[in-house]
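Below is one structure, written out as structure tokens, with a few remarks after it.
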Amino acid sequence: MADEPTPTEQNPYTQTHVVAAGETLGKIAKQYYGDASLYTQIFEANRDVLKDPNKIFPGQKLRIP
């Protein structure tokens with residue numbers, strides 16, 4: 001059907017990142033976006049698993065918008 005959304009439209013988070021020891025949202029944002037200050041985008045995309053942007057743990061899977 002032409003009106004059905006593509007998989008990318010259904011899930012805009014095409015990348016995931018598994019947190020490694022010593023990483024911060026800022027370091028992850030720098031890796032993906034080239035700018036650590038964009039960590040809030042990652043935090044907002046993962047509000048269901050993150051309650052505090054300063055508390056991430058190794059092994060967590062984060063969506064990267």
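What to note about this one:
- Annotation note: Cβ proximity below 7 Å between a residue of the stretch 26-49 that is closer than 14 Å to GLN15 by Cβ and a residue that is outside any helix (DSSP H, G or I) and among the β-branched types (Val, Ile, Thr) (sequence gap 6+ or interchain) occurs for TYR32/ILE64; ILE42/ILE64.
- Single residue of the stretch 1-39 satisfying the filter (closer than 21 Å to PRO58 by Cα, of a type in the set (Ser, Thr, Tyr) and assigned to a loop (DSSP other than H, G, I, E, B)) that is modelled with the highest pLDDT: THR24
The values are calculated or read from the model by the stated rules, or taken from the named source; none is laboratory data. Since we're looking at a predicted model, the values are computed, not measured. A quick note on method: Cβ atoms are made from the backbone with ideal geometry, for glycine too, and the neighbour counts reach across all protein chains shown.
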